[in-house]
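As structure tokens, the structure follows; a few thoughts come after it.
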Amino acid sequence: MPSISSAEEQKLKQLIREIPDFPKPGILFYDITTMLKDAEGLRLSIDRMTDNFRDRKIDTVIGIEARGFIFAPALAYHLGAGFVPVRKPKKLPSEVESYSYDLEYGQDTLEIHRDAIGKGHNVLIADDLLATGGTAEAVVKLVEKLGSNVVGMSFVIELEFLNGRNKLAGYDVFSLLKYQS
């Protein structure tokens, strides 16, 4: 049974502003800030993202910098779990575990506090967008390096044409809204 009805999906998509040629020519940017400012749209997106994982025993919801920080704490609250941020380098004050990964044009690194999640903890990873899957895959590697279990991943938007889900094969990946192109 789908976690979102077609009417709800249509409503949310109407609330998302599409900006052509941002941040560079040829890119269509899906701006969620217009959905976030709408009380019903924000509530609906959080409720449906929560519904997919409600019956799972989630200990921690990880939010990926930066827009994952918008959704992860709300999901954690509704799931009775804690919230942990995964950040860019040199943003966390205590001992960190790092993971570097390749981007289309270069490399990036993400960090998490070493004591943020415990061995055997059940973790949900949350972010606004699943594109190529590289960032989400990096967070999976960090979580597993610390001995925790990735129960699933929850995204507001999935750009299916970029095949990011392929990098996350074997994991429960939920996307609220899917775009074909």
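The table below gives the values:
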| item | result |
| --- | --- |
| Of residues in the range 1-25 being touching a residue at least 12 places away in the same chain (Cβ under 8 Å) and not in a helix (DSSP H, G or I), the one farthest from residue 42 (Cα to Cα) | 19 |
| Matching residues in the range 26-55 - criterion: being over 22 Å from residue 162 (Cα atoms), at pLDDT 95 or above, in a loop (DSSP other than H, G, I, E, B) and open to solvent by less than 100 Å² (accessible area, probe 1.4 Å) | 38, 53 |
| The one condition in (1) free of Cβ contacts under 8 Å to residues at least 60 places away in the same chain; (2) open to solvent by less than 10 Å² (accessible area, probe 1.4 Å); (3) in contact with an Asp or Glu (Cβ under 9 Å, 6 or more places away or on another chain); (4) not polar (S, T, N, Q) that residue 139 fails to fulfil | (1) |
| Some residue of the range 10-25 being open to solvent by less than 50 Å² (accessible area, probe 1.4 Å) and among the polar types (S, T, N, Q) | no |
| Residue ranges of strands (runs of 3 or more DSSP E) in the range 88-181 with at least 2 members closer than 28 Å to residue 15 by Cα and touching a helix residue (DSSP H, G or I) at 6+ places or on another chain (Cβ under 9 Å) | 122-130, 149-159, 173-179 |
| Residue in the range 12-37 that is farthest from residue 68 (Cα to Cα), counting only those that are among the acidic types (Asp, Glu) and within 20 Å of the chain's Cα centre (by Cα) | 18 |
| Unmet criterion (only one of (1) open to solvent by less than 10 Å² (accessible area, probe 1.4 Å); (2) at pLDDT below 95) for residue 103 | (1) |
| Positions within the range 57-91 being more than 13 Å from the chain's Cα centre (by Cα) and modelled with pLDDT under 95, in sequence order | none |
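The values are calculated or read from the model by the stated rules, or taken from the named source; none is laboratory data. Treat the numbers as computed from the prediction; the structure is a model and nothing was measured. Note that each Cβ is placed from the backbone with ideal geometry, even for glycine, and that neighbours are counted across all protein chains shown. For the accessible areas, the whole protein counts, side chains as well, though only heavy atoms, and no ligand, DNA or RNA atoms are used. Shrake-Rupley method; radii C 1.70, N 1.55, O 1.52, S 1.80 Å.
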